[in-house]
Structures are given as structure tokens and as C-alpha cells.
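Colleague: Got a structure here, written out as C-alpha cells. Questions coming.
The values are calculated or read from the model by the stated rules, or taken from the named source; none is laboratory data. Model, not experiment: these values are computed from the prediction. Cβ sites come from the backbone with ideal geometry, for glycine too, and all protein chains shown count toward neighbours. Protein only, heavy atoms only, side chains kept; ligands, DNA and RNA dropped before computing areas. Shrake-Rupley method; radii C 1.70, N 1.55, O 1.52, S 1.80 Å.
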Amino acid sequence: MKLQITRETLLNGAVREMQRVHANAHPDMKWRTEAEMAELFETVLAQHKAGEDLWLFGYGSLIWNPAFEYVEKRCALLRGWHRRFCLKMYMGRGTIDNPGLMLALDRGGACRGVAFRIAAAKLREELGLVWQREMYGGSYNARWVTLLHKGQSFRALTFVSNHSHPRYTRELSLEQSAAMIAGAHGELGTCREYLENTIAHLAELGVRDVGLMRIARALPKGPQ
């Protein structure tokens, strides 16, 4: 049965179980321990003013499937980082024999996505769900950034590529990226769905990501 990332499957441990099953399946799957996860979580929260809501920036699947509770969302611009398929996927939407690709933020350029405001009263619980989803695999680092919305700047937390992780990939050709995305699938579905959902939901925000659209046009046509 296809697994879905929802608030329920994060709370009941189904997503974590999928992560644990694959934890030692490939030499490049370097996982953070529970202690490391907790230390990083507390370090991030120590940089946030207690009692204030927290903004979280999503640029990929968080846009169309946040799976956490928030009180407001808005389209926002991040400068200095761009969205790129730069992380190999050996689980979820790929396998060891047929890895896919996942989006992360990489240095340079700019990126439009969605900023979610998490209420201070629920911050630990809701950010904890996102933490389990994004940080356990070790391929992301949490980072505070400055976003722009209607000419106003504000501080937000997001997840950027961890260049020291073995799943991080340097520049791939358009053809290489398209081939990996076209053929990869796993417990969460296909890599193609991931790409197409991201493009479609960005379009709803009035955002055209030229890089993603080039990859989509390079995908093989017809049933997969």
C-alpha cells in the first residue's frame, strides 16, 4: 500500500518506521541519531524568540503537502538560494537500484515558495513533525533566512542542502535529471508526481520555475 505523508502518519510513527527500515540499506544513507536530532532542534529554537510565532519556508513538497498545522501562509521570495534537484532518493520516491531525485535549496540565485506561520503555542509539536520528516536523513541543514513578501522582509526557518552528505549531487545534466525522475518510484509514489505537483502548485501561486519546467519537458512522454 502506498504510504502518504500526513500529520497522522507523522504522529503515529508510520513515516519514521519507513525511515528506520531504510536506515542502513545503502552506504550513502547517513542518518542522524535521536540525540543529534534533539540537539539540532534545541539549537534552532534557541535562536528564536520565545513566545513568538515562527515562519517556515517551503519550496517543494511542503508547498502542496505541509502535513502540519499553521495559522497563515503567504508566497515569499528567498534571495541567495535556488531550488534544485540535488539530493538522491533511495526511499520514498526512489529505491537503491533506481534512485530518484529530491529538491533542496542550493547556493545562488533566488527562489519563490510558501512561508507558513506556526503559532507559538504549538511550535514544538508542529515544527517537531516537520523536523522528523526533513532532518532525520541528514541531507538537509536547518537555516534561518530572510524572506520578502510585498516589499516587507521577515525571518524564517528553512532547509538547505547539506553539501557534506553523500546523497548531495553536484550539477547534473538536464538529461540525467530527467532520466532519474522519470523512472524512480517508491513507497510515497513516483518522482515524476513530485515534480509535477511542485510545478502545478507553484503555478497556482503565479510562480514559473524555469528549471523545473525544463526538466518536465525533457521527461519521456506516454504511460510510465
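Colleague: Could you tell me which numbered condition T43 fails, if it satisfies all but one of (1) farther than 18 Å from A142 by Cα; (2) open to solvent by 30 Å² or more (accessible area, probe 1.4 Å); (3) among the β-branched types (V, I, T)?
Modeller: Failing condition for T43: (1).
Colleague: Still on this structure, I have one more. Identify, please: which residue in segment 190-208 is touching a helix residue (DSSP H, G or I) at 6+ places or on another chain (Cβ under 7 Å) and of a type in the set (V, I, T) and is, among those, most open to solvent (accessible area, probe 1.4 Å)?
Modeller: If we take residues in segment 190-208 being touching a helix residue (DSSP H, G or I) at 6+ places or on another chain (Cβ under 7 Å) and of a type in the set (V, I, T), then I199 is most open to solvent (accessible area, probe 1.4 Å).
Colleague: Tally up the residues in segment 205-224 that are more than 19 Å from the chain's Cα centre (by Cα), outside any loop (DSSP other than H, G, I, E, B) and not small (G, A, S), please.
Modeller: Residues meeting the conditions: 2.
Colleague: Mind checking whether some residue in segment 64-73 is in a loop (DSSP other than H, G, I, E, B), touching a residue at least 60 places away in the same chain (Cβ under 8 Å) and among the aromatic types (F, W, Y)?
Modeller: yes
Colleague: Scan segment 165-195 residue by residue and report those that are of a type in the set (D, E, K, R) and closer than 15 Å to R83 by Cβ.
Modeller: E171, the sole residue that qualifies.
Colleague: Check whether at least one residue in segment 16-37 is part of a loop (DSSP other than H, G, I, E, B), modelled with pLDDT of 95 or more and exposed (fewer than 12 other Cβ atoms within 10 Å of the Cβ), and report yes or no.
Modeller: The answer is no; no qualifying residue exists.
Colleague: Check G109, G92, G100 and return the single one that is surrounded by 23 or more Cβ atoms within 10 Å (Cβ to Cβ), under 20 Å from L174 (Cα atoms) and more than 11 Å from the chain's Cα centre (by Cα).
Modeller: G100
Colleague: While we're looking at this one, here's another question. Of everything in segment 155-185, what is in contact (Cβ under 8 Å) with a residue 40 or more places away in the chain, open to solvent by 30 Å² or more (accessible area, probe 1.4 Å) and either in a helix (DSSP H, G or I) or in contact with a Gly (Cβ under 6 Å, 6 or more places away or on another chain) (or both)? Give them in sequence order.
Modeller: L174, E175, M180, G183
Colleague: Can you tell me how many residues in segment 170-195 are farther than 22 Å from T9 by Cα and charged (D, E, K, R)?
Modeller: Total satisfying the criteria: 4.
Colleague: Could you check, for segment 131-141, whether at least one of its residues is touching a residue at least 24 places away in the same chain (Cβ under 8 Å), hydrophobic (A, V, I, L, M, F, W, C) and under 28 Å from Q47 (Cβ atoms)?
Modeller: Within segment 131-141, one or more residues are touching a residue at least 24 places away in the same chain (Cβ under 8 Å), hydrophobic (A, V, I, L, M, F, W, C) and under 28 Å from Q47 (Cβ atoms).
Colleague: Specify the residue that is farthest from E69 (Cα to Cα); the eligible residues are those in segment 126-154 that are in a helix (DSSP H, G or I) and of a type in the set (A, V, I, L, M).
Modeller: First pass over segment 126-154, keeping only residues in a helix (DSSP H, G or I): 126-135.
Pick out the ones that are also of a type in the set (A, V, I, L, M) and you get 127, 129-130, 135.
Numbers: L127: 9, L129: 10, V130: 10, M135: 18 Å.
The extreme case among them is M135.
Colleague: Of the numbered conditions (1) modelled with pLDDT of 95 or more; (2) in contact with an Asp or Glu (Cβ under 6 Å, 6 or more places away or on another chain), L3 satisfies every one except a single condition; which is it?
Modeller: For L3, the failing item is (1).
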